[in-house]
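One structure is given here, and the rest of the page talks about it.
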Amino acid sequence: MEDKYKLASIKNHPKKTLIRLGRTVVGGDKKIIISGPCSVEKNMVEIAQALKKAGADMIRAGAYKPRTSPYDPQGMGLSGLKLLEKSKQKTGLPIVTEATGIYRVESDGKLEKVLENVIKYADIIQVGARNAQSFDFLSTIGKMTSKTKKPILLKRGLSQTTDEFLLSAEYIMRQGNKNIILCLRGVAPKTKETRNTIDIEDIKILKKKTHLPIIFDPSHASGRRDMVEELSRKALDYGADGLLIEAHTEPDKAISDAYQTIDMKTLKRIIEFAHNH
Ligand code: PEP
Ligand code: MN
C-alpha cells in the first residue's frame, strides 16, 4: 500500500535527503549539533562565541517565542534577529530561528511581519510544535521558500503520531520546498517527571518511513537539564542525525526555559561525543 505522505516517504525516495549549508551537512555522516539559549539574549553575540568554542555546528535562539502565557516574555523580535545576524558574522555559524506566525502584534499595537523577517535572517526556519498542525501556515512557508528552498526545521506537533508528523512535512514539501529536517521533542501528555513523554524510540520508527534527516531535542522532551546529556547520547545511539540543545553561558539567567538549559561545559562534552559518534 502506498504511504499517504508521498513526498516524505522512503518508499518513493530511497535516497536520504541531505541538507547543505555551506560546509555543514545535515543527514550526512557527521552528527550536527544545533544549540543556543531558548530566547535571544542581550549578550547573544558573547553566547554565540561560547557556543562556537564548545564546538556547536549551528546557533539557535528565538527572536519570536511561542509562550503559553501572553504575560511571559515573547522574544525580542526584529532586534533579536539583528543580534543573531551579528552572532553569525562573529562566528561564521548558520542561524536557526523560529517563525511563530505570519504576523505578530507588538506592544505598540503594530503588526510585525514575523515570517517575512525570519525568512530574511534565518539560515534555517524553525516551525514549532504548536504550529506543526497549522496547515495553512505550513503551506504558506512552503510556498514562500519554494524558490530559495531555504531549509525548514519542523518540530513534532504536541501529540502527533509519526504519520501525522510526516503529513505536516508533506504540506511544506508539496509547495516546492523539500529541504526539511524533522525534530522530535517529546509528545504530550507529559508524564510526572518530565515535561513531555520522551519519544526517542520514534527516531528508529521514522527512519524506516522517511528519507528526511531526523534530529532530537532532549531539552524540550525532558524539560530537565539533568537528563539532557544522557538523552543526547541515547538519541545518537538510536540513529539521530543531530541534536537541538538549549545551552547558555549562565543557564540560570536564561529568559526562558532556564530549568532545561545546560552550561557550556556539559554542551562541550555532548558535542565531543556526537562528533566522534
Ligand atoms: C523551542 O524550541 O524553544 C520551543 C518552543 O520548542 P517546541 O516548539 O518544541 O515547544
Ligand atoms: Mn525553549
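The values are calculated or read from the model by the stated rules, or taken from the named source; none is laboratory data. Predicted, not measured: the structure shown is a model, and the values here were computed from it. Every residue, glycine among them, receives a Cβ derived from its backbone with ideal geometry; neighbour counts consider all protein chains shown. To get the accessible areas, we keep the full protein, side chains included, count just its heavy atoms, and leave off ligands, DNA and RNA. Shrake-Rupley method; radii C 1.70, N 1.55, O 1.52, S 1.80 Å.
Odds and ends about this structure:
- Measuring nothing but protein heavy atoms, the accessible surface of the chain at 1.4 Å probe radius is 52 percent carbon and sulfur.
- Within straight-line cross-link reach of Lys113, aspartates and glutamates at Cα separation under 14 Å, skipping those fewer than 8 residues along the same chain: Glu98
- Summed over all non-identical Cα pairs, the Kirkwood treatment of the stretch 160-277 gives a radius of 14.9 Å.
- Extent along principal axes [Cα atoms of the stretch 83-232; Å; largest to smallest]: 40, 34, 33
- Take 59-65, 47-53, 220-226 and order them by the average number of nearby Cβ atoms within 10 Å per residue, most first; the result is 59-65, 47-53, 220-226.
- Measuring spread by the Cα atoms of the chain yields a radius of gyration and Dmax of 17.2, 53 Å.
- Taken per residue, the accessible surface of the chain reaches 46 Å², heavy atoms only and a 1.4 Å probe.
- Using 0.36 nm per residue and subtracting the Cα-Cα separation, the extra length available between Glu193 and His275 on full extension is 26.6 nm.
- Pairwise centroid distance, computed over Cα atoms, of the stretch 19-53 with the stretch 198-269, Å: 13
- For the pair Ile102 and Lys147, a Förster radius of 22 Å applied to the C-beta separation gives a FRET efficiency near 0.75, rounded to the nearest 0.05.
- Net dipole in debye of the chain [+1 Lys, Arg Cβ; -1 Asp, Glu Cβ; about Cα centre; nearest 20]: 820
- For Lys6, the lysines whose Cα falls under 17 Å of its own Cα, not counting residues fewer than eight places away in the same chain, are Lys15, Lys16, Lys178, Lys207, Lys208, Lys209.
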